[in-house]
Amino acid sequence: MTTLQVLAVICAAFLVLTVNALSNHQQGIDRRQALTQATAASCATIGILATSPAFAEDAAPAPAAFQEGPGGIKYSILKEGTGDKPLRAQKVYTKYTLWTGGFGEDGGKQVDSNTGFMGKPLGVIVGVGQVIKGWDMTLLEMKEGETRRIIVPSDLGYGDKGAGGSIPPKATLYFEMEVTSMDPLPNLNDEQKKWLEEHPV
């Protein structure tokens, strides 16, 4: 049931109850008392509908389920992007939040973020090993304006060593990341092209 349908049911219920209340008044019941009874009954109807599963699903749709990505990465697209995906050696700008132990609402610990009022997008040259492999593989699949949540296995993150004391060894990484913009693909020289061929992602 959609929100519009729910509101239609509420209005219809209120109208019927009000008509009944006024009819009761004609039978000798005080008008104020009759309207109070009608309003109370209508509010009860609204409360039942507002807490029903159908209403809750329409008001707050469930997030998209996670899909299987490359290398065992799991991802969920929160917002679709537009345009082309970046190519290796292209610079991409991202905003992100990183948790360990699960996403924030699941009790995970926030480790790093560049979001918020003072946050600035991080520039990354994708596909050349400038960031963890899980990021390279994900960014090459994203479009400008796209937002994803990803779950990165430890072998595509910081592996057996962890990082900086805040990311333990063998930690699964939980990111929410957005591609805010991209630079044009630079003109690569022959040596750079050869390096890319010899070092696949």
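None of the figures in this text is laboratory data; all of them are computed from the coordinates on show. Bear in mind that the values here come from a model prediction, so they are computed numbers and not experimental data. Quick reminder, even Gly has a Cβ in these numbers, built from the backbone with ideal geometry, and neighbours come from all protein chains shown.
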Local electrostatic count, Asp183, Cβ distance below 12 Å [Lys/Arg +1, Asp/Glu -1]: 0
Over 19 Å between Cα atoms, which of Lys91/Lys193; Lys95/Lys193; Lys74/Lys143; Lys91/Lys120; Lys95/Lys133; Lys120/Lys193 qualify? Lys95/Lys193; Lys120/Lys193
Under 1.5 on a/c is rounded, so check that first for segment 73-199, then, if it is not, pick prolate when a/b is larger than b/c and oblate when it is not; a ≥ b ≥ c are the square roots of the alpha carbon gyration tensor eigenvalues. oblate
If you add up the charges near Leu78, with Lys and Arg at +1 and Asp and Glu at -1, over every other residue whose beta carbon is less than 14 angstrom from its beta carbon, what do you get? +1
Cα shape, segment 121-193, gyration tensor, a/c 1.5 rule: oblate
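Under 1.5 on a/c is rounded, so check that first for segment 162-201, then, if it is not, pick prolate when a/b is larger than b/c and oblate when it is not; a ≥ b ≥ c are the square roots of the alpha carbon gyration tensor eigenvalues.
In terms of gyration-tensor shape, oblate.
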Neighbour net charge for Gly145 - beta-carbon separation under 13 angstrom, K R +1, D E -1: 0
